[in-house]
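A quick write-up on the structure given underneath.
The values are calculated or read from the model by the stated rules, or taken from the named source; none is laboratory data. Worth saying up front: this structure is predicted, and the values here are computed from it rather than measured. For neighbour counting, all protein chains shown are included, and Cβ atoms are generated from backbone atoms with ideal geometry for every residue, glycine included. Side chains included, ligands, DNA and RNA excluded: accessible areas come from the protein's heavy atoms. Shrake-Rupley method; radii C 1.70, N 1.55, O 1.52, S 1.80 Å.
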Amino acid sequence: MPQIPGRQPGPPLPTPRGPLSRAVLHALRTSGMPGGTEAAGEATDPWGEDLQLALYMLYELHYRGFEAVDEELEWSPELLTLRRALEHRYLAALRASVPAADMTQALDGLLDEPARGEPPSLSDHLARHGTLADLREYAAMRSLYHLKEADPHAWVIPRLTGTAKAAMVAVEFDEFGAGRAEDIHARLFADLMEDLGLDSTYGRYLEQAPATMLASVNLMSLFGLHRSLRGALAGHFAHVETTSSPASRRLAAALRRVGAGAAAVRFYAEHVEADAVHEQVVRHQVVGGLLEEEPELAADVAFGIGATALVEDRFAERTLSHWQEGGSALRGPVLPV
Amino acid sequence: MHSGRDAITGSDRVRTTRRVWAEEDGPLLVEGPVEFRLADGTSVVSDRFVVAVCTCRRSAAYPWCDTTHRHLQRRQDADSGRTEGS
Ligand code: FES
């Protein structure tokens, strides 16, 4: 497809990680049918590299798309059919692993930080032992979300009313810079990346991101794009906003300790204060407001919280185990210095 | 929210009632923007739509809440013999 001058071309397509992602790539390149996707059945690991990358590419059509890929493919019935099959696999795996929980307990559980003796969180590890190289890898992986921070949550807005809607929009307004482009959180993250000597181009580190990171972003897209999962999206948002403030405090400390610049520290320092506010607004007004209107969604909110915890734990576990073995948590070559 | 003529000065400048609510064992939430006068006479300003003012006085970002109050709450719970889920 010819590029239209003055338009952002979108990131390049990644290399495939198995038959499913190869089929999606082929369909995106040729605007054809995604053939050879029988593997969408029971055979493919729902947490694996192949399925998560295939799903990620299909979701990306709703955000920025890819270089030289027809924008109209966003609504291709064949690709949507495939996406549906992959989503079912992922959702079934989540439902099988997330323990049923009471909504209030799930929310309160987020306030507790790991007790002594429990494995340290990723931000704990970074605050204590993180090297500059670890922090750069962490930022490269997280960039898949932070360069579109709060975008997946914007889809829930038309599905909310009253208190929940007003509060959700207020928090999103903050995330999107409160009317100032230079304060959009995704922009602040790009500044952080540049400070750490990383390339802040959208989608630049997709190739290096492991399935555990793709699963984290896919979870938000899944919850955001389905009205039927609006309760889970609210739970997801509550999880993110509640755990973010203390984690950001540790990450800001980690960055200061390795001598990162002001722009890098600013991203996390901003989130310490912002998310101390967002936590309260999301718990009481977004979740509280939603459940006042639709009390039957309480179980979905709890599921959203539990699923987010599960996906984030898997990402942290894999990342820490690679670092503790002295290796890189990225796929492919380590980041050039 | 409620607005109207300033009762004291009679000025037409519209004054708006700010909503404030307190989180139990947590911050005071105030509709922003907020200017906070510190004891040393200096001021800090936060222009968020809602500002979380620290009431436990342990925040590293004082006067703004940075969620440090959660630790204090847990310690108090432990001291008073309260355990998880009881
Ligand atoms: S009230 Fe939250 S840190 Fe003090």
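Below is a table of values for the structure above.
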read-out	value
Test: B:SER86 is out of contact with any strand residue (DSSP E or B) (no Cβ under 8 Å at 6 or more places or on another chain), assigned to a loop (DSSP other than H, G, I, E, B) and at pLDDT 70 or above	no
Helices (runs of 4 or more DSSP H) within region A:86-184 that include 1 or more residues on the phi > 0 side of the Ramachandran plot, at pLDDT 95 or above and among the small types (Gly, Ala, Ser)	A:162-175
Residue list for region A:161-183, restricted to those being under 15 Å from B:ARG48 (Cβ atoms) and either open to solvent by less than 60 Å² (accessible area, probe 1.4 Å) or not assigned by TED's automatic domain parsing to the domain that holds A:PHE237 (or both)	A:ALA167, A:ALA170, A:VAL171, A:GLU172, A:ASP174, A:GLU175, A:GLY177, A:ALA178, A:ASP183
Check on A:ALA178, of a type in the set (A, V, I, L, M) and in contact with a helix residue (DSSP H, G or I) (Cβ under 8 Å, 6 or more places away or on another chain)	no
Region A:319-337 residues that are open to solvent by 80 Å² or more (accessible area, probe 1.4 Å), paired with ones that are assigned to a loop (DSSP other than H, G, I, E, B) (beta carbon under 7 Å, 6 or more apart)	A:VAL334/A:SER328
Among (1) more than 15 Å from the ligand (Cβ to nearest atom); (2) more than 11 Å from every other protein chain (Cβ to nearest Cβ); (3) modelled with pLDDT under 95, the one test that B:LEU72 misses	(1)
Selected residue [assigned to a helix (DSSP H, G or I) and surrounded by fewer than 21 Cβ atoms within 10 Å (Cβ to Cβ)] from A:ALA274, A:ALA263	A:ALA263
Single residue of region A:229-260 satisfying the filter (free of Cβ contacts under 8 Å to residues at least 24 places away in the same chain and closer than 21 Å to A:GLY197 by Cα) that is surrounded by the most Cβ atoms within 10 Å (Cβ to Cβ)	A:ALA252
So A:LEU51, is it surrounded by 22 or more Cβ atoms within 10 Å (Cβ to Cβ) and under 12 Å from A:LEU28 (Cα atoms)	no
Test: residue in region A:202-220 that is outside any helix (DSSP H, G or I) and small (Gly, Ala, Ser)	yes
Residue within region A:256-267 that is under 24 Å from B:ALA22 (Cβ atoms) and of a type in the set (Phe, Trp, Tyr) present	no
Hits in region A:206-228 - residues which are farther than 15 Å from A:GLN52 by Cβ and open to solvent by less than 10 Å² (accessible area, probe 1.4 Å)	A:PHE223, A:GLY224
